[in-house]
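Below is one structure, written out as structure tokens; comments come after it.
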Amino acid sequence: MDPIRRLYRKTKYLLTAFRFRIKGYQVGKYFMTGKSVRIQRAGFRAGDCCYIGGYSYLGPHVKLGHFCMVSDHVNIIGDDHVFDRPGVPVILGGVPEKSPETVLEDDVWIGH
């Protein structure tokens, strides 16, 4: 890789991480996002070398491990339905009292 391209890429990583950290997000080094990514700040954490594709949405209480990749147009939405009551339709189950954390472990790729 030529030196100019390497410098451009490193600057891009640093600016993205700085932008998210200044807003109060917990992100690791080499964290990148595509265009128009929406992330709920409540409980969001990302490890090192994570990428979130453009036009994706991550709801509250999402934790990404190291080396996670999320493709474009992916929505990760948690804590919006109670689904563990047998015999009760999910739509009638209600909303959980405590928000569970949605965890993607290390080295996970979510495709579109």
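Which of the residues belonging to the range 51-64 are outside any loop (DSSP other than H, G, I, E, B) and of a type in the set (S, T, Y)?
Matches in the range 51-64: Y51, Y57.
Check H81, H61, H66, H73 and return the single one that is open to solvent by 40 Å² or more (accessible area, probe 1.4 Å), modelled with pLDDT of 95 or more and closer than 16 Å to T102 by Cα.
H66
Filter the range 1-42 down to residues that are open to solvent by 90 Å² or more (accessible area, probe 1.4 Å), among the aromatic types (F, W, Y) and either modelled with pLDDT of 90 or more or not in a loop (DSSP other than H, G, I, E, B) (or both), then give me how many there are. Reasoning before the result, please.
Quick first cut of the range 1-42, residues open to solvent by 90 Å² or more (accessible area, probe 1.4 Å) only: 1, 3-10, 12, 14-15, 18-19, 21-23, 26, 29-30, 35, 38, 41.
After this cut, where a residue has to be among the aromatic types (F, W, Y) as well, the list is 8, 18, 30.
Pick out the ones that are also either modelled with pLDDT of 90 or more or not in a loop (DSSP other than H, G, I, E, B) (or both) and you get 8, 18.
Number of matching residues: 2.
Could you tell me how many of the residues in the range 73-104 are acidic (D, E) and touching a strand residue (DSSP E or B) at 6+ places or on another chain (Cβ under 9 Å)? Walk me through it before giving the result.
Taking the range 73-104 and keeping what is acidic (D, E), we get 79-80, 84, 97, 101.
Adding the requirement that they be touching a strand residue (DSSP E or B) at 6+ places or on another chain (Cβ under 9 Å) leaves 79, 101.
Qualifying residue count, the range 73-104: 2.
Within 9 Å of the chain's Cα centre (by Cα) and small (G, A, S): is that true of A42 in this structure?
Values: within 9 Å of the chain's Cα centre (by Cα): no; small (G, A, S): yes.
Against the criterion (within 9 Å of the chain's Cα centre (by Cα) and small (G, A, S)), A42 does not qualify.
Do you know which residues across the range 84-106 are open to solvent by 80 Å² or more (accessible area, probe 1.4 Å), aliphatic (A, V, I, L, M) and in a loop (DSSP other than H, G, I, E, B)?
If the condition is that a residue be open to solvent by 80 Å² or more (accessible area, probe 1.4 Å), aliphatic (A, V, I, L, M) and in a loop (DSSP other than H, G, I, E, B), then V95 is the only one that fits.
Take F67 and tell me if it is under 17 Å from T33 (Cβ atoms), of a type in the set (A, V, I, L, M, F, W, C) and in a loop (DSSP other than H, G, I, E, B).
Yes; evaluated as a whole, the condition is true for this residue.
Please work out which residue is farthest from F67 (Cα to Cα), limiting yourself to the range 86-112 and to residues that are among the charged types (D, E, K, R) and modelled with pLDDT of 80 or more.
Per the stated criteria, the residue is E101.
The values are calculated or read from the model by the stated rules, or taken from the named source; none is laboratory data. It should be emphasised that the depicted structure is a prediction, and the values quoted were computed from it without experimental measurement. For neighbour counting, all protein chains shown are included, and Cβ atoms are generated from backbone atoms with ideal geometry for every residue, glycine included. Calculation scope for accessible area: heavy atoms of the full protein, side chains included, ligands and nucleic acids excluded. Shrake-Rupley method; radii C 1.70, N 1.55, O 1.52, S 1.80 Å.
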